[in-house]
């Protein structure tokens, strides 16, 4: 999120406080687009969309040692038979993004004219705060997150970023760093017109010693050691790639993007997660770290936290909340991604389900804690990706829906580059919820921070039994 001065905010105002806590920002809505959707052949010879990746981040392999601490649906071991020429070309992706942004503006206006009033009443939003939230939803910038299995693989990724940079968008590039590591010309090409933020993976950092070991290597040695990692250890590969690219960016003098470490918290790192965050902040003072619990509910899996891990995670939630409101904490206040509402929701879930560790483990994994389709307005970070159905088309992807779960809210009939802004706005405002009501296999939910990017979206999607305690926590820490 951008700092308060970019909004013209005076210190010690309500707006400054809300921005500092991450309750709101300069971002009015977002797009997360899977630009690596590709068609693959399935058993009956038909073609179906999937997300193409060159990493294996999954625990599902039986013939090999574990390749990860969670299951990624784009893992290379879970997908085969891809047609590489079925990527959507750059012009379609750019047109689709433009159409979707037009639709977002329309949907935001409809939201303010209708459901926003009920939201403010139901969640006891004071008039001063409501005016701030309303202004941002109508006037804020759009964030575009270029996403996918590994979006570096798209042959026109540099062109896509460059063209988007010509507009007034905030461009995030969520990637692994593999192509940057293998191709120095690609690094130079991206930095000619870089995104504002490059998001890397810190999922496989299980100790501070491991991070220091990688940091002590030269870029050349990192690459040499990376090549020795078995292909099925995808998360380990990403750790090397992330350090390589972070070091490479840090060495640049001009035109370098900011970078962020996404840190999925699982049983392998929960004991060291605070020291890992402090270590990354010490080594890379300008980085941000975005920690969140491993999610599994969206693919209908149970949570994986045992009782001890749950206790540790509960204490970590308290530390994250404290880091939002004080600089005298165990965590680096300036380096964490600010979303206090997100951590208050997790805290409320702990309070509600603390007597049932198995249920709480599932809730932390996303089961029932938040749903993008729960109420109009919860889906303001719009996703574009694959379809779960066979559709007669020349290129893959481009469907309004969800990257992880294509069975609940996905619009299979058209691709965004063939849709009008009005049609996309209709999907965001109405059809998204209507499609979910007709689904026979509803997504149990998730707790991905990017989708819960501001307080309005987060509150509109949270489970009803969490709301009373959440509101008490919000009053205590946010002030209303």
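Restricting attention to the stretch 412-428, the residues being assigned to a loop (DSSP other than H, G, I, E, B) and crowded, with 21+ Cβ neighbours inside 10 Å number 2. Among the residues that make up the stretch 100-116, is at least one of them more than 29 Å from residue 406 (Cα to Cα) and either surrounded by fewer than 23 Cβ atoms within 10 Å (Cβ to Cβ) or at pLDDT below 95 (or both)? Yes, some residue in the stretch 100-116 is more than 29 Å from residue 406 (Cα to Cα) and either surrounded by fewer than 23 Cβ atoms within 10 Å (Cβ to Cβ) or at pLDDT below 95 (or both).
The residue list 29, 50, 38 contains one member that is modelled with pLDDT of 85 or more, assigned to a strand (DSSP E or B), in contact with a strand residue (DSSP E or B) (Cβ under 7 Å, 6 or more places away or on another chain) and closer than 18 Å to residue 392 by Cα, which is 38.
Selection of helices (runs of 4 or more DSSP H) fully inside the stretch 218-309 by the criterion of at least 1 residues being in contact (Cβ under 8 Å) with a residue 60 or more places away in the chain and buried (at least 22 other Cβ atoms within 10 Å of the Cβ) returns 234-251, 273-283.
Could you tell me whether the stretch 315-327 includes any residue that is surrounded by 22 or more Cβ atoms within 10 Å (Cβ to Cβ) and at pLDDT below 95? No, there is no match, as no residue in the stretch 315-327 is surrounded by 22 or more Cβ atoms within 10 Å (Cβ to Cβ) and at pLDDT below 95.
Rundown of residues vs (1) touching a residue at least 24 places away in the same chain (Cβ under 8 Å); (2) more than 30 Å from residue 267 (Cβ to Cβ); (3) under 14 Å from the mean Cα position of the chain (by Cα), yes/no style:
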{"position": "366", "(1), (2), (3)": "yes, no, yes"}
{"position": "378", "(1), (2), (3)": "yes, no, no"}
{"position": "381", "(1), (2), (3)": "yes, no, yes"}
{"position": "386", "(1), (2), (3)": "yes, no, no"}
{"position": "398", "(1), (2), (3)": "yes, yes, no"}
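With respect to (1) farther than 22 Å from residue 146 by Cα; (2) modelled with pLDDT of 95 or more; (3) touching a helix residue (DSSP H, G or I) at 6+ places or on another chain (Cβ under 6 Å), the lone exception for residue 379 is condition (1). Answer with yes or no whether residue 130 is part of a loop (DSSP other than H, G, I, E, B) and either buried (at least 23 other Cβ atoms within 10 Å of the Cβ) or modelled with pLDDT of 95 or more (or both). It is false that residue 130 is part of a loop (DSSP other than H, G, I, E, B) and either buried (at least 23 other Cβ atoms within 10 Å of the Cβ) or modelled with pLDDT of 95 or more (or both). Checking 93, 132 one by one, the residue that is closer than 21 Å to residue 426 by Cα and either touching a strand residue (DSSP E or B) at 6+ places or on another chain (Cβ under 7 Å) or touching a residue at least 24 places away in the same chain (Cβ under 8 Å) (or both) is 93 and no other. The requirement of being buried (at least 22 other Cβ atoms within 10 Å of the Cβ), more than 23 Å from residue 27 (Cα to Cα) and touching a residue at least 40 places away in the same chain (Cβ under 8 Å) is fulfilled somewhere in the stretch 140-150, by at least one residue. Restricting 185, 166 to residues that are over 30 Å from residue 276 (Cα atoms), without any contact (Cβ under 8 Å) to a residue 24 or more places away in the chain and either touching a helix residue (DSSP H, G or I) at 6+ places or on another chain (Cβ under 8 Å) or not in a helix (DSSP H, G or I) (or both) narrows the list to 166. Filtering the stretch 109-124 to residues that are in a helix (DSSP H, G or I) and over 27 Å from residue 421 (Cβ atoms) leaves 121, 122.
For the stretch 188-198, a residue qualifies if it is surrounded by fewer than 23 Cβ atoms within 10 Å (Cβ to Cβ), in contact with a strand residue (DSSP E or B) (Cβ under 9 Å, 6 or more places away or on another chain) and not in a helix (DSSP H, G or I), and the qualifying residues are 194, 196, 197. Based on this model, can you work out whether residue 153 counts as surrounded by fewer than 21 Cβ atoms within 10 Å (Cβ to Cβ) and modelled with pLDDT under 95? Yes; evaluated as a whole, the condition is true for this residue.
The values are calculated or read from the model by the stated rules, or taken from the named source; none is laboratory data. Note that the structure is a prediction, hence the values are computed from the model and not measured. Neighbour counts run over all protein chains shown; Cβ positions are idealised from the backbone, glycine included.
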